[in-house]
Amino acid sequence: MIADKLIHVLNGVRETGEGRWLACCPAHDDRSPSLSMREIDDRLLIHCFAGCDVNEVVNAVGLELSDLFPEKRTTKYNKSQRLYFKADDVLEALQDEITMLQKIAARMNISEFDERLALASQRFQSARDLI
Ligand SMILES: [Zn+2]
């Protein structure tokens with residue numbers, strides 16, 4: 001629980017509800033509890049009714065604001081482990097697909113489509129020659 005880090009170092013802590021506390025504010029001379037804390041999910045909301053800044057409150061007990069936030073989840077994605085396709089392999093696969101479409105177009109006797117596919121195939125071959 002995030003609130004535990006702060007509650008254990010504050011004076012006059014009183015639970016006012018589930019996930020809610022009042023305590024003496026450590027950032028000013030607080031004689032009656034004026035620090036309100038509320039835990040929502042994994043966040044702790046802090047408010048001093050005397051107007052202290054949340055950083056002042058947290059720093060007064062030797063903590064940083066980041067101590068009250070859950071640790072950042074680290075992604076399992078590792079860019080260095082990413083698999084890349086070689087450009088030549090991709091172009092070769094696309095050229096094979098075009099060849100297949102050319103054969104289908106020829107069977108269907110669609111000459112315009114066949115000519116356009118021939119042009120695309122030439123372009124893929126030119127691109128592969130540049131790699
Ligand atoms: Zn205060």
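None of the figures in this text is laboratory data; all of them are computed from the coordinates on show. Treat the numbers as computed from the prediction; the structure is a model and nothing was measured. As a convention, Cβ positions derive from the backbone with ideal geometry for all residues, glycine included, and neighbour counts pool all protein chains shown.
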Residue, farthest from the ligand (Cβ to nearest atom), within region 34-66, restricted to residues that are loosely packed, with under 14 Cβ neighbours inside 10 Å and in contact (Cβ under 8 Å) with a residue 12 or more places away in the chain: D42
Any hit, region 19-33, residues being within 34 Å of the chain's Cα centre (by Cα), exposed (fewer than 15 other Cβ atoms within 10 Å of the Cβ), assigned to a loop (DSSP other than H, G, I, E, B) and acidic (D, E): no
